[in-house]
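The values are calculated or read from the model by the stated rules, or taken from the named source; none is laboratory data. What you see is a predicted model; the values in this text were computed from it and never measured. In this analysis, Cβ positions are derived from the backbone assuming ideal geometry, glycine residues included, and neighbour counts consider all displayed protein chains.
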Amino acid sequence: MLKRIILLCSMLVVCILSSLTVEASAQETGFLTSEKPTFLYMDTRQMNVSYDDESLKFVLQRDGVLKLMSRDGQNDYMSFRSYDGESSGVGYQVREIYSIFPSMQFFEINADRGAHAKNCGYWLIGKRNGQWVTFVSLDSLATVGYTPGQWHHISTVTNGDATGRFILTSQHEYMPAGAQYGYQRRYAVDLRVQLFWDQSAQWFGLRRL
């Protein structure tokens, strides 16, 4: 309850700050997240959540597939698999995302593999007309320049600039000229995208930055 109150207060602050920005930005839906992602991998294999007053759970199976289910296990709603089909060593970061104006709840799932967290899946899910749907995926990101199958690391920030924007950044590793050792690797941003709620379409849009 306290966490929900704090979140609502934060949303109010975002709303006030957003109203001080340019008109186009102020009209966009703002986004927040209540906490850091839960990393489902190895010993941590279940995350309990709730949505529309229903008790749910994310469960990482031994075969590397992540499932969204009712807490009692009676209903199996969605499954998430590594984009490249490899099941070994896959971990899933899961967190709740909230929007204001309109007020909605989503779940973000960011999958990676290996010591360098190579991305192997991304999903932004929620309900539309009472049914669970995937609003954003790697296939969606490919339409704005993401290259599935190549080495990337994906990270996202909500409200990082106090405007409520939801920003996704993709980076890749490279070895600079003359480098010989792994610790000398560098990262280069290859894609930055704003995820925004299209009120007319009732769906997420992607805006390359």
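What the table shows:
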item: Scope the stretch 85-100; condition touching a residue at least 12 places away in the same chain (Cβ under 8 Å) and surrounded by fewer than 17 Cβ atoms within 10 Å (Cβ to Cβ); matching residues; result: Glu86, Ser87, Ser88, Gly89
item: Filter result for the condition that a residue is touching a residue at least 24 places away in the same chain (Cβ under 8 Å), in contact with a Lys or Arg (Cβ under 8 Å, 6 or more places away or on another chain) and over 21 Å from Met47 (Cβ atoms), over Glu173, Glu108; result: Glu173
item: When residues of the stretch 131-154 are limited to those that are modelled with pLDDT of 95 or more and of a type in the set (Gly, Ala, Ser), the one farthest from the chain's Cα centre (by Cα); result: Gly145
item: Residue match in the stretch 59-69 (condition: loosely packed, with under 15 Cβ neighbours inside 10 Å, out of contact with any His (no Cβ under 8 Å at 6 or more places or on another chain) and small (Gly, Ala, Ser)); result: no
item: Residue within the stretch 135-151 that is closer than 24 Å to Tyr51 by Cα and free of Cβ contacts under 8 Å to residues at least 24 places away in the same chain present; result: yes
item: Val157 vs. criteria at pLDDT 90 or above and exposed (fewer than 13 other Cβ atoms within 10 Å of the Cβ); result: no
item: Test: residue in the stretch 110-128 that is surrounded by fewer than 16 Cβ atoms within 10 Å (Cβ to Cβ) and among the polar types (S, T, N, Q); result: no
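Residue by residue, here is whether (1) assigned to a loop (DSSP other than H, G, I, E, B); (2) of a type in the set (Asp, Glu); (3) within 26 Å of Phe196 (Cα to Cα); (4) modelled with pLDDT of 95 or more holds:
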residue: Lys3; (1), (2), (3), (4): no, no, yes, no
residue: Ile6; (1), (2), (3), (4): no, no, yes, no
residue: Ala24; (1), (2), (3), (4): no, no, yes, no
residue: Phe31; (1), (2), (3), (4): no, no, yes, yes
residue: Asn48; (1), (2), (3), (4): no, no, no, yes
residue: Met69; (1), (2), (3), (4): no, no, no, yes
residue: Glu86; (1), (2), (3), (4): yes, yes, no, no
